[in-house]
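Read through the structure below, which is laid out as structure tokens, and then see the notes.
A short reminder: the numbers here are calculations on the coordinates, not readings from a lab. All values reported here derive from a predicted model rather than from experimental measurement. Neighbour counts run over all protein chains shown; Cβ positions are idealised from the backbone, glycine included.
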Amino acid sequence: MCVDCGCGVDEISIDGRRAVVDHHSRKVSIGIDLLAKNNEFAVSNRELFSQKNIFALNLVSSPGSGKTSLLSRTLTDLKTSLSMAVIEGDQQTANDAERIRATGVSAVQINTGKGCHLDAHMVGHGVEKLSPESDSVLFIENVGNLVCPAEFDLGEAHKVVVLSVTEGEDKPIKYPEMFYAADVMLLNKIDLLPYLDFDVEQCIAYAKQVNPKIEIIQVSATSGEGLRDWYGWINQHRLIANNEPGLT
């Protein structure tokens, strides 16, 4: 865990420009200092999101889950009905941000270097650069990692964990903290199920074992299966977060 090993960094890159991140004396009581300082920034982010009615979602997964493809499909399908923006987190390259911008949606890339997750201060820098509109949805695509991002609150309304059927149904019990922290699990790439030995019901049972309240939506960014349910989840929970009328 980052709070034990201190793998956070003091310098990040946002769209190619270096930015300093103050982690506040990481050498002393590293776990307490890191999380306490992070939580302060998370509170600030959450206050800003609340003031501007920005519905922020923290997308987390292991590498190769299809998270960016799913996000790109989501942006393409919803951009005419929702104002959206994206913060992309990766250790290196701007490849994913470029894919997102190709959809016509604004994005900033945060490169964490040696860091294995985004933290709330990094996200604050990204929001400042991005300036998302009021009454919008902000997607924060975290660094591919099912361990450390579970510990760090970014000020988001919900963590959304993406698990692909190519990864194995036991991921929820191998990485329980992440699935416990998430409010919804998107089981992705279900179009590949005919070609895989993957037990969907067992995977769902494992996820519910770790987090009985987790919502599970089966989706495919390729075929479009389940995406209507995913989009419905976004709209419903955006209304709830913003205390807006129109719930059904």
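Test of understanding: what is the full-extension gain from VAL43 to ASP191, defined as 0.36 nm times their sequence separation minus their Cα-Cα distance?
Full extension from VAL43 to ASP191 adds 49.4 nm.
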Exercise. If you average the sequence gap of Cα pairs under 8 Å that are 6 or more apart and divide by the length of the chain, what percent do you get for the contact order?
Worked result: 21 percent
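Need the full-extension length gain, GLN236 to ASP170, defined as separation in residues times 0.36 nm minus the C-alpha distance. One decimal, nm.
Values: separation 66, 0.36 × 66 = 23.76 nm, distance 2.92 nm.
Additional length available on full extension: 20.8 nm.
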For this session: Mind giving me the nanometre distance, one decimal, between the label points for GLU201 and LYS213, set 7 Å out from Cα along Cα→Cβ?
Result: 2.8 nm
Seminar exercise, completed: Exposure-ranked with fewest Cβ neighbours within 10 Å first, VAL184, VAL160, VAL108 stand as VAL184, VAL108, VAL160
Problem set entry | Zero-based 10 Å bins, Cα pair distances in segment 201-241, whole percents | 26, 40, 34, 1
Seminar exercise, completed: So for R0 = 30 Å, FRET eff. of LYS129-GLU177 from the Cβ-Cβ r, to 0.05, ends up at 0.50
For this session: Lys and Arg at +1, Asp and Glu at -1: add these up for the other residues within a Cβ distance under 14 Å of ALA182 and post the number.
Result: -1
For this session: Apply the membrane-span-like helix rule to the chain: whole DSSP H runs, Cα extent along the own long axis of at least 24 Å, mean Kyte-Doolittle hydropathy at least -1.0. List the helices found.
Result: 30-51
For this session: Can you check what the net charge comes to around SER136, using other residues whose Cβ is under 10 Å from the Cβ of SER136 (Lys, Arg +1; Asp, Glu -1)?
Result: 0
